[in-house]
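The values are calculated or read from the model by the stated rules, or taken from the named source; none is laboratory data. Every value quoted in this text rests on a predicted model; they were computed, and no experiment measured them. Here the Cβ positions follow ideal geometry from the backbone for every residue, glycine too, while neighbour counts run over all protein chains shown. These area figures cover heavy atoms from the full protein model, side chains too; ligands, DNA and RNA do not enter into them. Shrake-Rupley method; radii C 1.70, N 1.55, O 1.52, S 1.80 Å.
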Amino acid sequence: MASANLEEDDRDELNFGKLFVRTFSSSSPPDNKREAQWKIERLNLLNIANLCIKNVIDSALKLGRAISDEYFEPFQQFFVVLESILRHGLKMKRNILGHRKDYWGPLEALEQAAPESSEIVKSVQNLPNIRTNHGKGRAWVRLAIMQKKLAEYIMILVESKDLLREWYEPHAVLMQEEGTVISGLLVGINIIDCNFDLKGDSLDAWSSVLDLSLYLKDGNYLEKPPENKKNEEQSDGSELSVLIDQKTYLEEVNRNLSSTVNTLQAKLKNMKMTNDDLSTQLTSCTEQIVQLMQERDILQDANNQMNEVSARKLQLAQADIDVERETYQKSREGLNDMYNVIRKQLDTEIQLRKETEKELELARSMKEESEVAMRLLEKDIHDKQDTLISLRRQLEDVKKLNLELHNKLQVSESSSKNHMSKWTELEEKCAKMTSRTKEVEKSLSEALAKKTAAENMVDQLNNKVVDSESERTALDTNLKIERDWRTSLQEESIKDKEKVAAMQVELKQLETLKKEYQVLHEKYVGLKKSYSEQEMALVEMGSHLSNSQQKVEEMKEVTQSMKDMKWAEDRDALHCQQCNQPFSLARRKHHCRNCGGIFCNSCSDYTMPLPSSAKPVRVCDACYTALLQRYQR
């Protein structure tokens, strides 16, 4: 069994170039050898991708186009081939770990050309069990298949050559025409509904085996140059058997399609029946809703009337409460005014008392100052008396200074008289101060009497306040009675609210009926969508059938041309069949691989790919124009 392991290292990549064994002459340059080798690799990848996608679609159609298992064998083969296509021709990128080759970079850079792919990139980056770039690339491929946008993204990637040049070599599959063909083949995967679990097993260490024995039969049958007539007949027979097998396969596909069409038609009939039932149920529901709406209107009118009655009662009760509150507030305001007047009188009396106390303190300070002055005067008198005694003693001794002393005596007597007059004035002031203090004491006694009277007034006012509080308690009892009446009204309103709640419950039931109707309508819309999707699938299958029919016709034409082809012998050909020039050492013979004729180099200069060979081969000018017209169709 031919198989190849897919591992993380670049050494374990699938080498599809070894599927075709080619021989090159030593005279051909190495660049041509490399280009031919790369071309063989691309063709091998294209052929195996075609066979693998076909196998996936066939197996999915057998299972009903819904696959939820990632380990489904055809899908495993498909993931291996697709990863080999994405890794073919990748450039070496330098990072922290050294030179690496991974295809997560171009898939992540696809956001520049297709912004809608950013959702897949973000969801891949948020996956917890994926850490390497290889795992991210595999998760991206699986998410794109689940969204049915893999072919679209690969097509955008192939068309944006500037983005690909940064990541791929010029000989890569995605950089050549084979990339567009592969993106077209991937469109067929969109008919499969996939649902993979990406949070289960880790895709970082994912590995699988590609079984090439499923696709390669009897060795390299794509290109076998004819050796003799017996080999040609055997190859024709094998090709005819292959065509017959393909025809039987197409017939089976047609049968499967017809069976699916029949089942879809039966489902359509069932859907129509269910739609009719739903429409009848809908009409009955609408009638019930109309009746319930009428009942709701009647209940709403009754509820409005009851609300109006309760509102009127509440307004009357509120008016009575407002009147009683106003009377209470007025009586309270009168009491407050009386209390404020008495409080002001008390404040004025307290201020007067403070002023009198201040005046008393001033009088006491003046009296103390006068006493200090009297003491000083007494001291002066005693001193002067001492001086008089000394002078009298000195009179006897000093008679010459008698006149001066006499004058001084007179001056001192005059000053003593002045002092005596001042003393009398101070005594008068003291008498006045004593009289004033007596008057202040009288005013104090009067203030105290007034204070006692004010305290009596305060007691009277407190008595009045007590009376007012008793009145307030009476009013509180009245208020309690009114509150009880109000609570009874509130209970009535609560009963009304309960009735309203019951009506609201009925309304909610109506809304649930409405929601059920909407759910039924959504189901109807979903069934309609599924019907349209099935119609689209049928259209796609029809297009695939038409393409397969075209391929069968082309294969028939090819087999017919191969039957008509006769391989000319070298010894019989002396002239070129087109220009009739004789062959020589300079003008050599060349066989046309399509018609089998012998031509010169100038008349068979073109090369074209034929069904019998994967590589372009030499054809004559006439066959070249015919093949071009066939391929352009």
(request) Report the residue count in region 366-400 for those that are more than 22 Å from T424 (Cβ to Cβ) and among the polar types (S, T, N, Q). (result) 3
(request) Would you check if A317 is touching a Lys or Arg at 6+ places or on another chain (Cβ under 7 Å), in contact (Cβ under 8 Å) with a residue 12 or more places away in the chain, part of a helix (DSSP H, G or I) and among the small types (G, A, S)? (result) yes
(request) Would you mind finding the one in L250, L278, L257 that is open to solvent by less than 90 Å² (accessible area, probe 1.4 Å), under 53 Å from the mean Cα position of the chain (by Cα) and modelled with pLDDT of 80 or more? (result) L278
(message) So, Y221, is that one closer than 30 Å to E557 by Cβ, aromatic (F, W, Y), at pLDDT below 70 and not in a loop (DSSP other than H, G, I, E, B) or not?
(response) no
(request) Tell me which residues, restricted to region 35-66, are at pLDDT below 85 and either open to solvent by 80 Å² or more (accessible area, probe 1.4 Å) or in contact with a strand residue (DSSP E or B) (Cβ under 7 Å, 6 or more places away or on another chain) (or both). (result) A60, K62, L63, R65, A66
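Which one of these is in contact with a Leu (Cβ under 7 Å, 6 or more places away or on another chain) and under 21 Å from A266 (Cβ atoms): Y524, Y517?
Y524
Would you check which residues across region 521-578 are assigned to a loop (DSSP other than H, G, I, E, B), modelled with pLDDT under 75 and open to solvent by 50 Å² or more (accessible area, probe 1.4 Å) and list them? Show your work before the answer.
We begin by selecting, within region 521-578, every residue assigned to a loop (DSSP other than H, G, I, E, B); these are 565-574, 576-578.
Going one step further and asking which of them are modelled with pLDDT under 75, we end up with 565-566.
Listed by number, the list holds a single entry, K566.
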(message) Is it the case, given these coordinates, that K450 is open to solvent by 90 Å² or more (accessible area, probe 1.4 Å), more than 30 Å from Q329 (Cβ to Cβ) and either outside any helix (DSSP H, G or I) or among the hydroxyl-bearing types (S, T, Y) (or both)?
(response) no
(request) Would you please list the contacts, defined by Cβ atoms under 7 Å and residues six or more apart or on different chains, that run from a residue in region 144-172 that is more than 14 Å from E111 (Cα to Cα) and open to solvent by 10 Å² or more (accessible area, probe 1.4 Å) to a residue that is aliphatic (A, V, I, L, M) and part of a strand (DSSP E or B)? (result) W167/L90
(request) Mind listing whichever residues of region 394-446 are hydrophobic (A, V, I, L, M, F, W, C) and either open to solvent by 100 Å² or more (accessible area, probe 1.4 Å) or out of contact with any helix residue (DSSP H, G or I) (no Cβ under 9 Å at 6 or more places or on another chain) (or both)? (result) L403, V411, M420, A431
(message) All but one of (1) outside any helix (DSSP H, G or I); (2) at pLDDT below 85; (3) under 25 Å from C52 (Cα atoms) hold for N129; state the number of the condition that does not hold.
(response) (3)
(message) So if I check each of S470, S493, S543, S532, which one is among the small types (G, A, S) and within 38 Å of the chain's Cα centre (by Cα)?
(response) S532
(request) Identify the residue in region 290-317 that is of a type in the set (A, V, I, L, M, F, W, C) and within 30 Å of K514 (Cβ to Cβ) and, among all such residues, is most open to solvent (accessible area, probe 1.4 Å). (result) I298
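For region 173-184, what are the residues that are assigned to a helix (DSSP H, G or I) and buried (at least 17 other Cβ atoms within 10 Å of the Cβ)?
E178, G179, I182, S183
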